[in-house]
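Asks: Below you will find the structure I want to go over with you.
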Amino acid sequence: MSVQAYAVRDEQRPPDNLLLQVVQRGLRSQPKRLPSWLFYDEQGSALFEQICEQPEYYLTRAEIALLNQHAGEIAEVLGPDVRLVEYGSGHAIKTRSLLEHLPTPVAWVPIELSSEPLRHSMERMAGYFPHLPIQPLAVDFTRPLRLPVPPRAPRRTVVYFPGSTIGNFEDREAAQLLRKMRGEMGDNGGILVGADLKKDRATIEAAYNDRAGVTSAFTLNMLARLNRELGCNFDLGAFRHRAHYNAMAGRIETHILSEREQRVRVGRLQVLFREEEAMLVEYSCKYSPEDFAALAATAGLAVRHVWFDPERLFSLQYLTR
Ligand code: AVI
């Protein structure tokens, strides 16, 4: 199975000189911190697809099960003549079952900066839905959007943001993004957003520490990428992945740990890592239904419907004004 390409990824990638600045700034800060979009170069994206196939990574399977079970009802709630604007559409695997059930959709607007997955998903969807107008946008969806003029007036615009990528944003940024979507969907519109649920620590931690070591390879690929693209000299054997569930904060916190004291070249900077020093690279937030409703409320949105997969691991939330 192939999966969505995700939001917190190369889309936010600045030009190379800025890339160096971003990395240097993150490595100068205390504690050290690098943005999670750095994961998603070509190799990182391929590793992420593999993560989604790991037995421990329940999120993708749960979201697909949820759509298989509820797509008909979701489509009923959204109603006819919807314009579906998909954030971070990637390969658009989940979109198909939704579009199959939507009566008379006006257009599908996939938004994805990386041109290859965008082209690929458009071809596939055009094959499945030959009469559906597709209006791709190759832009960074975290920035203000200018949506294309639809081929006919939609009854409502629905922003679709699957995959729990919202959880990779801290609450303040997530609220900001929801607020931006709220503007784009207009008065009568809605937001359909995937959100991973809080659950027992063992299940969550296993998902981010798969036995095959794919998530660890995904995390460390960030350093390999910096070696490739910025000429850094991270010794990949001297760092390790750690993903820990912070139950108080309700999130997986992924760090890269230095196994020994070492110095790394990052441009002209020599960065000192102490033994066991941890560098934060990702948050993956988990929500109770109440948490998500509170987050939505800070963006001026209300939860109208929530759907769950049969094991109640994952949720799809429908938000309106
Ligand atoms: C893209 N995003 C929803 C994934 C997650 O679960 O936070 C990224 C990921 N990081 C490690 N494993 C998966």
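Asks: Report the full-extension gain for the segment Glu53 to Asn68: residue separation times 0.36 nm, less the Cα-Cα distance, to one decimal in nm.
Replies: Result for the pair: 3.6 nm of gain on full extension.
Asks: Next question, about the same structure. Which residues in region 257-291 place their backbone N less than 12 Å from a point set 7 Å from the Cα of Gln30 along the Cα-to-Cβ direction?
Replies: Counting backbone N atoms under 12 Å from the label point, the list is empty.
Asks: Okay, moving on. Which value, in Å to one decimal place, does the Kirkwood hydrodynamic radius take for the chain when every pair of different Cα atoms is included?
Replies: For the chain, the Kirkwood estimate is 20.3 Å.
Asks: Now a separate question. Quick one: compute a quarter of the convex hull surface over the Cα atoms of region 255-304 and quote it in nm².
Replies: Over every viewing direction, the Cα hull of region 255-304 projects on average to 6.0 nm².
Asks: Would you mind computing, in nm to one decimal, how far apart the modelled labels at Ala297 and Thr104 are, each placed 7 Å from Cα along Cα→Cβ?
Replies: The two pseudo-label positions are separated by 3.7 nm.
Asks: Within region 16-44, what residues put their amide N at less than 17 Å from the label point 7 Å along the Cα-to-Cβ vector of Ala249?
Replies: What the label zone holds, given the 17 Å backbone N cut-off, is 26-27, 29-37.
Asks: Considering the options Gly189, Thr215, Leu236, tell which one lies farthest towards the positive end of the dipole of region 167-294, charges being +1 on Lys and Arg and -1 on Asp and Glu at the Cβ, about the Cα centre.
Replies: Going by the charge dipole, the pick is Leu236.
Asks: Roughly what would the spin-label model give for Glu170 and Asp200, points 7 Å off Cα along C-beta, in nm?
Replies: 3.2 nm
Asks: Looking only at Pro150, Pro162, Pro136, which one moves most when the chain is put into a Gaussian network model with springs between Cα atoms under 10 Å?
Replies: Comparing Pro150, Pro162, Pro136 in the GNM, the peak value goes to Pro150.
Asks: Related question: Can you compute the FRET efficiency between Val139 and Arg96 using 1/(1 + (r/R0)^6), with r the Cβ-Cβ distance and R0 = 22 Å? Round to the nearest 0.05.
Replies: It comes to 0.45.
Asks: Any idea what % of Cα-Cα pairs in region 184-321 are farther than 25 Å?
Replies: 45 percent
Asks: Further, regarding this structure: Under a crude label model (7 Å from the Cα following the beta-carbon direction), how far is Glu311 from Arg124 in nanometres?
Replies: 2.2 nm
Asks: Right, here's the next one. For region 112-252, what D do you get in µm² per second when you plug the Kirkwood radius from alpha-carbon pairs into Stokes-Einstein at 4 °C and 1.567 mPa s?
Replies: Using the Kirkwood radius from Cα pairs, D works out to 69 µm²/s.
Asks: May I ask you to derive the relative contact order of the chain, considering only C-alpha pairs under 8 Å and at least 6 residues apart, and to give it as an integer percent?
Replies: 21 percent
Asks: Give me the log10 of I(q) over I(0) for region 79-182 at q = 0.10, 0.18, 0.19, 0.21 Å⁻¹, as the Debye formula computes it from C-alpha points; what are the numbers?
Replies: -0.26, -0.86, -0.96, -1.16
All of the numbers you see were taken from the coordinates with simple rules; none came from a lab. As the structure is a computational prediction, the values presented were derived from the model and not from experiment. Please note: Cβ atoms are built from the backbone with ideal geometry, for glycine as well, and neighbour counts cover all protein chains shown.
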